[in-house]
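The values are calculated or read from the model by the stated rules, or taken from the named source; none is laboratory data. In this text the structure is predicted, and so the values were computed from the model without any measurement. Counting neighbours? That spans all protein chains shown, and the Cβs are built from the backbone with ideal geometry, glycine included. Keep in mind that these areas ignore ligands, DNA and RNA; they rest on the heavy atoms of the full protein, side chains included. Shrake-Rupley method; radii C 1.70, N 1.55, O 1.52, S 1.80 Å.
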Amino acid sequence: MKFIFLILFFKISLCLISSANQKKNIIFILAEREYQTEQTLPKFAKQYLTKQFVVKFCHAPQEGPQRNLLSNPSFIAKAHLLVVSVRRRAFKEETMNLIREHVSSAKPIIGLRTSSHAFDLKKSPLPNGHQMWTEWDNEIMGGNYNGHHGKNLICTVQKYPNLVSHPIISGIKFPFETPASLYRNSPLPQKSIPLLSGKVKGFPAEPIAWTHQTIFGGKVFYTSLGHVDDFKKPAFQTLLTNAIKWSLRKK
């Protein structure tokens, strides 16, 4: 009897250890042509994520008739976290349904830069069998994207006024600068909690990083940062690393 108990105890212990050591899957969806995130995000992941997480990438061509076709969409079904860097694409319905299932399962999402308008083709025709998600920005990202200020305006980034602390901005030295054009997102939806603000000369400050929660209870972090030069800055590297760890932390 004792022998059987020891065997059962040993098997249960192995299962618990295996579960504890299992790395979580971070899936990156890369489909934009302006900010070279198909290069910067894999480099970032290799430096900061691959030791602790399983990292995989889904790509879509930058141009041409295949630009709305995502490679390896099946990866999405196994994601613990989706990191989205997409601009104005409409993937196949099967692919979009996988993203919707991720959202409805209350799994976390991180959106970078153009992902506020990830799945809205605007004036481009919608291919047959493909799908847009025009409410994505407001409902999922928790944003209110309505264009941006001109390029070549240096944006100064500060901690949002009256924000005492948050784990996502821990260890960041303020202020810092970004060459990325300042997105207009004011006012944010009521449920969004702004973390960082950006200011360019001659215009009011705008929220440029915030957290949100979907109607299903999933964590969301979005930032309009993500310019190729942002990835060279310790402040942005820390911001994104903190956001990923915060997203995957149990509530």
note = PRE zone check, label point 7 Å out along Cα-to-Cβ of residue 228, amide N under 18 Å, scope region 122-153, hits 151-153
Cα lying deepest toward the dipole's positive end in the chain, options 30, 142, 53, charges on Cβ = 53
Over 23 Å [Cα-Cα, the chain], rounded percent = 51
ask   = Of 35, 145, 183, which has the most accessible area and how do the rest follow, probe 1.4 Å?
value = 145, 35, 183
query = Taking the alpha carbon gyration tensor of region 204-251, what are the square roots of 5 times its eigenvalues, largest first, to the nearest whole Å?
reply = 22, 15, 7
task = Please sort through the DSSP H helices of the chain and keep those with an alpha-carbon extent of at least 18 Å along the long axis and a Kyte-Doolittle average not below 0.0.
result = 2-21, 234-248
Charge dipole (debye, nearest 20) of the chain; +1 at Cβ of Lys and Arg, -1 at Cβ of Asp and Glu = 800
Separation of alpha-carbon centers, region 141-188 and region 68-128, rounded to whole Å = 24
ask   = Got a sec to turn the phi values of region 159-164 into Karplus ³J(HN,Hα) couplings, 6.51 cos²θ - 1.76 cosθ + 1.60 with θ = phi - 60°, whole Hz, x for Gly and Pro?
value = 5, 4, x, 6, 7, 6
key: Environment charge at residue 63 (Cβ cut-off 15 Å; Lys +1, Arg +1, Asp -1, Glu -1)   = +2
request  = Taking every Cα atom in region 40-92, find the radius of gyration and the maximum pairwise distance Dmax, and write them in Å.
outcome  = 12.3, 37
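Rolling a 1.4 angstrom probe over the protein heavy atoms, how many square angstrom per residue are accessible across the chain?
Heavy-atom accessible area per residue stands at 53 Å².
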remark   = Contour minus Cα-Cα span, residue 249 to residue 148, at 0.36 nm per residue, comes to 33.1 nm
key: For residue 160, net neighbour charge (Lys/Arg +1, Asp/Glu -1) across residues whose Cβ lies under 13 Å away   = +1
request  = Could you give the size of the charge dipole of region 177-251 about its Cα centre, using +1 on the Cβ of each K and R and -1 on the Cβ of each D and E, expressed in debye and rounded to the nearest 20?
outcome  = 360
query = Could you give the length gained on full extension between residue 66 and residue 51, defined as 0.36 nm per residue of separation minus the Cα-Cα distance, in nm?
reply = 2.1 nm
Spacing of the two label points (7 Å from each Cα toward its C-beta) at residue 78 and residue 138, in nm = 3.7
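Two decimals, Cα atoms only, Kirkwood Rh: what is Rg/Rh over region 18-126?
0.97
Shape of region 116-251 from its Cα gyration tensor (a ≥ b ≥ c, root eigenvalues): rounded if a/c is under 1.5, otherwise prolate when a/b > b/c, or oblate?
oblate
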key: Hydrodynamic radius by Kirkwood, which averages 1/r over all alpha carbon pairs of region 137-211, in angstrom   = 12.8
key: Over 31 Å between alpha carbons, listed pairs 201/233; 56/201; 199/250; 24/191; 107/151   = 56/201; 199/250; 107/151
key: Distance (nanometres) between label positions extended 7 Å along Cα→Cβ at residue 122 and residue 22   = 4.2
